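**Q** After the structure tokens below, expect a handful of questions from me.
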Amino acid sequence: MGVSPGFRTHRHRKAGVNALRLIGFIFVKGLLSLMAAMEKIVSLCKRRGFLFQSSEIYGGLQGFWDYGPLGVELKRNLKDAWWRDMCSGHNEMVQPAGAPSTFDMVGLDSTIIMHPQIWKCSGHYDMFHDYMVDCRESKKRYRHDQVRGRWVSHPDATAAAKIFVTTMAEADEEQAEIQHRALKYFKLRPKDAESLVYDGPSTTLDTVDEFSIVLGPDAKTLGTLTEPREFNLMFKTTIGALGGEEDYAFLRPETAQGIFVNFKNVLDSSRISVPFGIAQVGKSFRNEITPRNFTFRSREFEQMEIEFFCHPNSSQDWYRYWRDRRLAWYQTLGLSRESLLMREHAAEELAHYSVGTADIEYAFPFLPKGEYGELEGIAHRGDFDLRSHMEGKLDPSTRPMVVELDELGKPRHRGSGRDLTYRDDITGERFTPHVIEPSAGADRGALAFLCEAYHEDEAPDENGKLQTRVVMKLHPRLAPIKAAVFPLVKKDGMPELAQEIYAELKRDLAVFYDEKGAVGRRYRRQDEAGTPYCITVDTESLTTKTVTIRDRDTLEQTRVKIDELAAELKRRISS
Ligand code: GAP
């Protein structure tokens, strides 16, 4: 969600995943253990060129990821699908099902570095922080809400009776690591594990008040963790050659502010009227204290954001419309309803200005069963942003909100002074529009689709023998390669015809040509890449001018005329 004390508190408490444990939730890939599934996905991503650790040959850079040849296509397809479905494909003359009225949609591409005052008025400068704790012994730094632990005691202990033993281990190793550390602390042997007494289940460090009896994640002695301190997540940079204090700027931590500060420009330059949305896709940067879980929490990532401007009276209806529409969008591209959770924020979790916020969450395989991680937030932001950029940063504790003042009674952070109100041409009414913000992460989206797509099943090889295959069941719209073209064998004119077909298809579609090795192995490679269709040129093709299309998921082979192939593929991809 956008920044505010409410936002940070929410983030802080939530630790990026919803700790709500839904009893009875059926994990869709029950056959695979959680971490084993994730390890397989990570390994496939590297092996097949979806994702690489950034700067790998120099040892890597934590929190930064590169997309390989397949990954870049997947992420681009995801962003294109979002742009097409939300923005460029929108018909402003038709009222979509569930929408309160017709509406306009336009796009924007604003800069990553913007005037520093923007971040002061938006609240990011003062409030965009996480809480961190430092360990005096190990010299390591941790995010307060990501350190987990358990209260443990031992009847024979002479020192502290009950201590909080912490760890940063992944979910499936957490208990083993806590036990190991507790045994070590109490100077016990593994066979004494039964004598440890646990008080309650594992919980996060932010539930603990007494730090003197905490055993830090990498410490040998108690009480080495400092009290939590704020840590601003914005990356600082300097503009120009002088590099003085006044030249500081920030890499944007969200694309949203670029939209708010262009509200008037867009309105004045396009023939649109409220209600309308401005869509933007682009990089954002956050100096996360503990980036983790593959690309889930990165320091550089991409967002797909809409700021939707509407009349205050209809804003609740628009909020519900966008919340439901965004959930449905993930399902149309292949995420199953069981692995998605729509989580409405409780009143105390809401940002001060917000009357409603919902997160769309996904059951990522690296999370314990029943936990979900945020894919997208849909927030009702009221008039907070436009007013802050007009009048100056608003005081979150006031209601209705007024501009925050400094010791001299002047605005703490001055707004632009520009009029960002809207005048309705028909009614003549002037008002500050309310904003609904569906804010999605392209990297988290790509990761969720990769996780959902990963399957292991059995398929017959060229001798008809069943073999285990890894298949990425990506939606055809998202698949990096839409179709692969193979000559059955490398002779008898088959390669020539296959290359002709390949050249023709390549004009419009991302296709791949392969003539090396047994055809069964070529199929397997495409299954792993998520290619939905394989086209084979065989002996019959030469006489009947037909080819077979093999469906990745059903393994069904259908014969189609070469003349009709492109149209057939397009029909299948878009359906
Ligand atoms: N303008 C509102 C905003 O930025 P957010 O919940 O902080 O709200 C929106 O971020 C989305 O951006 C998240 O739901 C997530 O998909 C993505 N995101 C946020 N931080 C991220 C990170 N460190 N790494 C990857 N994606 C992130």
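**Q** State yes or no: is LEU447 in a loop (DSSP other than H, G, I, E, B), touching a residue at least 40 places away in the same chain (Cβ under 8 Å) and under 32 Å from the mean Cα position of the chain (by Cα)?
**A** The answer is no for LEU447.
**Q** In the stretch 434-454, how many are under 24 Å from SER354 (Cβ atoms) and either modelled with pLDDT under 95 or buried (at least 24 other Cβ atoms within 10 Å of the Cβ) (or both)? Can you show your working first?
**A** Step one: list which residues in the stretch 434-454 are under 24 Å from SER354 (Cβ atoms), which gives 434-442, 444-445.
Checking the rest, the ones that are also either modelled with pLDDT under 95 or buried (at least 24 other Cβ atoms within 10 Å of the Cβ) (or both) come to 434-438, 440, 444-445.
Residues that pass the stated criteria total 8.
**Q** Scan the stretch 180-192 and report the pairs whose first residue is without any contact (Cβ under 8 Å) to a residue 60 or more places away in the chain and surrounded by 20 or more Cβ atoms within 10 Å (Cβ to Cβ) and whose second residue is among the small types (Gly, Ala, Ser) and assigned to a helix (DSSP H, G or I), with Cβ atoms within less than 7 Å and a gap of 6+ or a chain change.
**A** LEU183/ALA193
**Q** I want to confirm something. Restricting to the stretch 275-290 and keeping residues that are of a type outside the set (Val, Ile, Thr) and part of a strand (DSSP E or B), which single residue is farthest from the ligand (Cβ to nearest atom)?
**A** Keep residues of the stretch 275-290 that are of a type outside the set (Val, Ile, Thr), which gives 275-277, 279-280, 282-288.
Remaining after also requiring part of a strand (DSSP E or B): 276-277, 279-280, 282-285.
Values: PHE276: 18, GLY277: 14, ALA279: 13, GLN280: 10, GLY282: 11, LYS283: 11, SER284: 7, PHE285: 9 Å.
That would be PHE276.
**Q** So which residues in the stretch 356-372 are among the hydrophobic types (A, V, I, L, M, F, W, C) and more than 12 Å from the ligand (Cβ to nearest atom), if there are any at all?
**A** Selection gives ALA363, PHE366, LEU367.
**Q** Further question on the same structure: Out of ALA379, ALA459, report the one residue that is over 32 Å from the mean Cα position of the chain (by Cα) and either surrounded by 12 or more Cβ atoms within 10 Å (Cβ to Cβ) or within 15 Å of the ligand (Cβ to nearest atom) (or both).
**A** Values: ALA379 fails: over 32 Å from the mean Cα position of the chain (by Cα).
Step by step, each of ALA379, ALA459 is checked, and only ALA459 is over 32 Å from the mean Cα position of the chain (by Cα) and either surrounded by 12 or more Cβ atoms within 10 Å (Cβ to Cβ) or within 15 Å of the ligand (Cβ to nearest atom) (or both).
**Q** Among the listed residues LEU341, LEU333, identify the single one that is modelled with pLDDT of 95 or more, touching a His at 6+ places or on another chain (Cβ under 7 Å) and under 30 Å from GLU170 (Cα atoms).
**A** Numbers: LEU341 fails: touching a His at 6+ places or on another chain (Cβ under 7 Å).
Checking each option against the conditions leaves just LEU333.
**Q** Counting only residues that are exposed (fewer than 12 other Cβ atoms within 10 Å of the Cβ) and modelled with pLDDT under 95, how many does the stretch 384-423 have?
**A** Selection size over the stretch 384-423: 9.
**Q** When the stretch 125-155 is examined, which residues are found to be in contact with a helix residue (DSSP H, G or I) (Cβ under 8 Å, 6 or more places away or on another chain) and over 27 Å from PHE250 (Cβ atoms)?
**A** VAL147, ARG148, GLY149, ARG150, VAL152, HIS154, PRO155
**Q** OK, next. Restricting attention to the stretch 235-274, report how many residues are more than 16 Å from the ligand (Cβ to nearest atom) and either free of Cβ contacts under 8 Å to residues at least 24 places away in the same chain or assigned to a strand (DSSP E or B) (or both).
**A** The total comes to 17.
**Q** If I filter the stretch 498-517 for residues that are touching a Pro at 6+ places or on another chain (Cβ under 6 Å), free of Cβ contacts under 8 Å to residues at least 40 places away in the same chain, outside any loop (DSSP other than H, G, I, E, B) and surrounded by 15 or more Cβ atoms within 10 Å (Cβ to Cβ), do I get at least one hit?
**A** yes
**Q** Let me ask you something else. Is it true that some residue in the stretch 150-167 is within 28 Å of SER284 (Cα to Cα) and modelled with pLDDT of 90 or more?
**A** Looking for residues that are within 28 Å of SER284 (Cα to Cα) and modelled with pLDDT of 90 or more, one finds none in the stretch 150-167, hence no.
**Q** Among the candidates LYS187, LYS191, which residue alone is farther than 13 Å from ARG148 by Cα, in a loop (DSSP other than H, G, I, E, B), out of contact with any helix residue (DSSP H, G or I) (no Cβ under 8 Å at 6 or more places or on another chain) and not polar (S, T, N, Q)? Even if it seems obvious, please write down each step before you answer.
**A** Working: LYS191 fails: in a loop (DSSP other than H, G, I, E, B).
Exactly one residue qualifies, and that residue is LYS187.
**Q** Please go through the stretch 525-562 and pick out each residue that is part of a helix (DSSP H, G or I) and either touching a residue at least 60 places away in the same chain (Cβ under 8 Å) or of a type in the set (A, V, I, L, M) (or both).
**A** Of the residues in the stretch 525-562, the ones part of a helix (DSSP H, G or I) are 525-529, 539-544, 562.
Within the stretch 525-562, ASP527, GLU528, ALA529, LEU542, ILE562 meet the criteria.
**Q** I would also like to ask the following. Filter the stretch 38-49 for residues that are hydrophobic (A, V, I, L, M, F, W, C) and out of contact with any strand residue (DSSP E or B) (no Cβ under 7 Å at 6 or more places or on another chain) and give the result. Steps first, answer last, please.
**A** In the first step, residues of the stretch 38-49 are kept if they are hydrophobic (A, V, I, L, M, F, W, C); the result is 38, 41-42, 44-45.
Residues satisfying the conditions are MET38, VAL42.
**Q** Still on this model: For the stretch 291-324, give me the residue count where each residue is part of a strand (DSSP E or B) and within 13 Å of the ligand (Cβ to nearest atom).
**A** 11
**Q** Whether any residue in the stretch 341-353 is among the hydroxyl-bearing types (Ser, Thr, Tyr), more than 18 Å from the chain's Cα centre (by Cα), buried (at least 23 other Cβ atoms within 10 Å of the Cβ) and within 16 Å of the ligand (Cβ to nearest atom) is what I want to check.
**A** Here is the first cut: in the stretch 341-353, the ones among the hydroxyl-bearing types (Ser, Thr, Tyr) are 353.
Keeping just the survivors that are more than 18 Å from the chain's Cα centre (by Cα) gives 353.
Next, from what is left, pick out any that are buried (at least 23 other Cβ atoms within 10 Å of the Cβ): 353.
In the following step, the residues that additionally are within 16 Å of the ligand (Cβ to nearest atom) were identified as 353.
The answer is yes; a qualifying residue exists.
The values are calculated or read from the model by the stated rules, or taken from the named source; none is laboratory data. Computed from a prediction, not measured in an experiment: that's the story for all the values here. Virtual Cβ from ideal backbone geometry, glycine too; neighbours counted across all protein chains shown.
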